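Taking it in order: structure first as structure tokens, then the write-up.
No value in this document is a laboratory result; all are computed from the given coordinates. Keep in mind that this is a model prediction, so the values were computed, not measured. Using ideal geometry, Cβ is built from the backbone for each residue, glycine included, and neighbour counts are taken over all protein chains shown.
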Amino acid sequence: MITIILQKMEALNLYSLIIGLLGAVFLNLILRWFYIRFGKSHSNRVSLANNFVLLAISVTLIIFLIKSSIALSLGLVGALSIVRFRAAIKEPEELIFLFFSIAIGLGFGAEQGIVTTVAFAIALPIYYVKFQVLDRTTIEPTMILTYSSAINNGPDVQTKIANHLREHCLSVRLIRLNEKGNLLDMTYSISLLNFEHLLSLKKELREIDDQAAISFIDSYRPAL
């Protein structure tokens, strides 16, 4: 009788483990696709995302094995204390998605698949809305404008430049102003309304001095 009960318990544990592993793999495949498609990290997202599935499987298996044994839990703490990670996490977004993958493994390893799936289904749409709506409406693409001219009429030229910038830009910030004799060198951080305003601004700045050196450099970096 005891043998039959033990066999049933082992079969039940094996069934739970398989369900947990399949659930963790499925959610991490979705997470992998989502990170590659919508992540904003400048590093190789595919390379990092390829680790999600194996990471979740490992965590699921570990939690499943130690959840009912204090001895195994203590042994795991000792074993993991000698592990050293050499790869640096360069961007916070990478760390967030790694923790998310680990959390999925923890949830299914603890046989909390429903709670984990519900949290997963809530978290990804929130991130998607942030990526598609909030970031694109609150973050303005910025450019670096440099203006170098051999004609320097002091405040008069600088006032004309400032007026043109206010007309075509959402925001303007003076970074550098250098005057030496007749030489004028100015650098601004600007946020333009659109490309047509860039062309108009360039034309108006050229009218101040048709020999001036004018450059626009993209400095936009999406936030995490």
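Relative to the present Cα-Cα distance, how much length would full extension add between VAL118 and ARG206 at 0.36 nm per residue of separation?
Values: separation 88, 0.36 × 88 = 31.68 nm, distance 5.81 nm.
Net length gain for the segment: 25.9 nm.
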Quiz item: In sequence order, what are the phi-derived ³J(HN,Hα) couplings for the stretch 187-192 according to the Karplus relation 6.51 cos²θ - 1.76 cosθ + 1.60 with θ = phi - 60°, rounded to whole Hz, with x for glycine and proline?
Solution: 10, 10, 9, 10, 10, 7
Quiz item: Got a sec? Which residues in the stretch 90-119 would a label at VAL129 touch, if it sits 7 Å along Cα→Cβ and we count backbone N under 17 Å?
Solution: 118-119
Quiz item: Using 0.36 nm per residue, how much length does the chain from LEU14 to GLU167 gain when fully extended, once their Cα-Cα distance is taken away?
Solution: 48.2 nm
Quiz item: FRET efficiency for LYS67 and ILE96, Cβ-Cβ distance as r, R0 = 30 Å, nearest 0.05?
Solution: 0.75
Quiz item: What nm distance separates the two modelled labels at ILE214 and PHE195, each placed 7 Å from Cα along Cα→Cβ?
Solution: 1.8 nm
